[in-house]
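Notes follow the structure.
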């Protein structure tokens, strides 16, 4: 009988050992899965941070290019205005003054009176 009890005890202990081994393997597997998921989340986060940094640097680069373009346009406008002003001044220096250009023949003296207006109105109405 003792042998039977020992055999049953060995069966029970081997089942317990087997169950303990399975539980231990499951725990280790769960720990590995957890660590792996945390690692994936960490890598995703790092990728997101790097992407964000790249996007910020691209935006800063574009803003710098835009500012440079605005400065170039302002310089072109200033140069154009300067050239236009210089051309205007040189024309003024080369041409004669307004009083020199005017002659008596350029003017025609016209006189109006109320009587002339009344006569013109009457002739227009008839």
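A full extension of the chain between residue 61 and residue 14 corresponds to an added length of 10.0 nm, given 0.36 nm per residue minus the alpha carbon distance.
Mind checking the full-extension length gain between residue 85 and residue 50? Use 0.36 nm per residue of separation minus the Cα-Cα distance, one decimal, nm. Provide the component values of the computation, followed by the final result.
Values: separation 35, 0.36 × 35 = 12.60 nm, distance 5.22 nm.
Extra length from residue 85 to residue 50 when fully extended: 7.4 nm.
Any read-out appearing in this document is the output of simple, stated calculations on the displayed coordinates, not a laboratory observation. Note that this is a predicted model, so its numbers are computed, not measured.
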